[in-house]
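To keep things clear, I will list the structure first and then write my remarks on it.
The values are calculated or read from the model by the stated rules, or taken from the named source; none is laboratory data. Predicted model, so just to flag it, every value in this text is computed and none were measured. With ideal geometry, Cβ positions are generated from the backbone for all residues, glycine too; neighbour counts draw on all protein chains shown. Quick note on the areas: whole protein, heavy atoms, side chains included, nothing else; ligands and nucleic acids left out. Shrake-Rupley method; radii C 1.70, N 1.55, O 1.52, S 1.80 Å.
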Amino acid sequence: MFDFGSMMKFKGAWDKFNANHPKFMPFMQAVGREAITDGTIIEIKVTSPAGKEYNTNMKITQSDLELFAQLRGMI
């Protein structure tokens, strides 16, 4: 069942996220258009306020690309 109230709450949070981080979505769109192919390696680094670093990476597979296409179709 579709919960309109939850959807509106999510939209408000999403709009605030985009206002707080205006460069993030253009970056993700450019990466999605130009860089994500089978074999692409994505690296992520997170630094906590205390300075602790967390790093990981993943190599994109064809099944990942298929999942991303399904997700795009839902939006």
Worksheet, complete the sentence: Cβ pairs under 9 Å, 6+ apart or interchain, first in the range 48-75 and aliphatic (A, V, I, L, M), second in a strand (DSSP E or B), ordered by first then second residue, are Met58/Ile41; Met58/Ile42; Met58/Glu43; Met58/Ile44; Ile60/Ile41; Ile60/Ile42
Fill in: Some residue of the range 64-74 being open to solvent by less than 80 Å² (accessible area, probe 1.4 Å), at negative phi and among the aromatic types (Phe, Trp, Tyr)
yes
Fill in: Output for the range 44-71, where each listed residue is farther than 20 Å from Gln29 by Cβ and part of a loop (DSSP other than H, G, I, E, B)
Ser48, Pro49, Ala50, Gly51, Lys52, Thr61
Worksheet entry | Residues of the range 18-51 that turn out to be within 13 Å of the chain's Cα centre (by Cα) and open to solvent by less than 80 Å² (accessible area, probe 1.4 Å), as a count | 8
Worksheet item: For Met1, are the conditions met, namely being modelled with pLDDT under 95 and surrounded by fewer than 10 Cβ atoms within 10 Å (Cβ to Cβ)?
Response: yes
